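The values are calculated or read from the model by the stated rules, or taken from the named source; none is laboratory data. As the structure is a prediction and not an experimental result, all values here were calculated from the model. Because the Cβ atoms are built from the backbone with ideal geometry, glycine has one as well, and the counts that use them run over all protein chains shown.
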């Protein structure tokens, strides 16, 4: 089993994410698919980790488990020191509200809502007052440099600006963990670099833990560590050498 991890002050576990001998098996008709095969690693608070792998390597399955959207078939997953491997769907939903912010390749903004309203949306389900939602949303938009676009709808924003709104939405609940799934997949090279610089700033200055899936080696290099998967197995886990 995975070793115990030391605690930060106040009893907060140093490791934000611990996966211990994770297996995930799917069935496609009569075919048994082993999406994850005994994967183990930990990610400390404040890390920026890139996850790479070809299609079918298991990286998306892993991200779904880390994001509390799915549970493993076998093994343990600890989030903030709590074993969430066998929690029910409603319990996982509660954890997602406060612990995980998601950034997707397709932005996933509601087209008829303003940037401000899109950022506010996750907080509606957390019981925040209208005033507090707006204050938090504006602060998040300020962090990503879009406070002057708060009332614009997605069609009035560039692709890079839409992704910044999506990042602000992930920040609004002040979740300690941001999961980014191919966050630059729909962006040109220059805009991709701007978005990656923003992730680096959030990791460095806001101390957000970031786990990003990408298939591009140069983008993976923005992280401090690269984990590579192949056929449901962890192939490499390497630190990124800073320039």
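At a glance:
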read-out: Members of the stretch 45-76 that are free of Cβ contacts under 8 Å to residues at least 60 places away in the same chain, touching a helix residue (DSSP H, G or I) at 6+ places or on another chain (Cβ under 9 Å) and farther than 16 Å from residue 175 by Cβ; value: 70, 71, 72
read-out: Residue match in the stretch 176-184 (condition: in contact with a helix residue (DSSP H, G or I) (Cβ under 7 Å, 6 or more places away or on another chain), under 15 Å from residue 103 (Cα atoms) and in a helix (DSSP H, G or I)); value: no
read-out: Residue check, residue 83 farther than 20 Å from residue 212 by Cβ and touching a residue at least 24 places away in the same chain (Cβ under 8 Å); value: no
read-out: Matching entry among 116, 141 (being within 12 Å of residue 163 (Cα to Cα), out of contact with any strand residue (DSSP E or B) (no Cβ under 6 Å at 6 or more places or on another chain) and part of a helix (DSSP H, G or I)); value: 141
read-out: Selected residue [within 19 Å of the chain's Cα centre (by Cα) and modelled with pLDDT of 95 or more] from 92, 146, 141; value: 141
read-out: Sole residue being closer than 30 Å to residue 151 by Cβ, out of contact with any helix residue (DSSP H, G or I) (no Cβ under 7 Å at 6 or more places or on another chain) and either at pLDDT below 95 or surrounded by fewer than 17 Cβ atoms within 10 Å (Cβ to Cβ) (or both), chosen from 106, 81; value: 106
read-out: Test: residue in the stretch 158-171 that is part of a strand (DSSP E or B), under 12 Å from the mean Cα position of the chain (by Cα) and at pLDDT 95 or above; value: no
read-out: Residues (at positive phi and without any contact (Cβ under 8 Å) to a residue 60 or more places away in the chain) located in the stretch 86-125; value: 108
read-out: Members of the stretch 144-155 that are in contact with a helix residue (DSSP H, G or I) (Cβ under 8 Å, 6 or more places away or on another chain), assigned to a helix (DSSP H, G or I) and within 21 Å of residue 106 (Cβ to Cβ); value: 149, 154
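Yes or no, residue by residue, for (1) free of Cβ contacts under 8 Å to residues at least 40 places away in the same chain; (2) surrounded by fewer than 16 Cβ atoms within 10 Å (Cβ to Cβ); (3) in contact with a strand residue (DSSP E or B) (Cβ under 7 Å, 6 or more places away or on another chain):
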site: 181; (1), (2), (3): no, no, yes
site: 192; (1), (2), (3): yes, no, no
site: 195; (1), (2), (3): yes, no, no
site: 199; (1), (2), (3): no, no, yes
site: 204; (1), (2), (3): yes, yes, no
site: 211; (1), (2), (3): no, no, yes
site: 215; (1), (2), (3): no, yes, yes
site: 219; (1), (2), (3): no, no, no
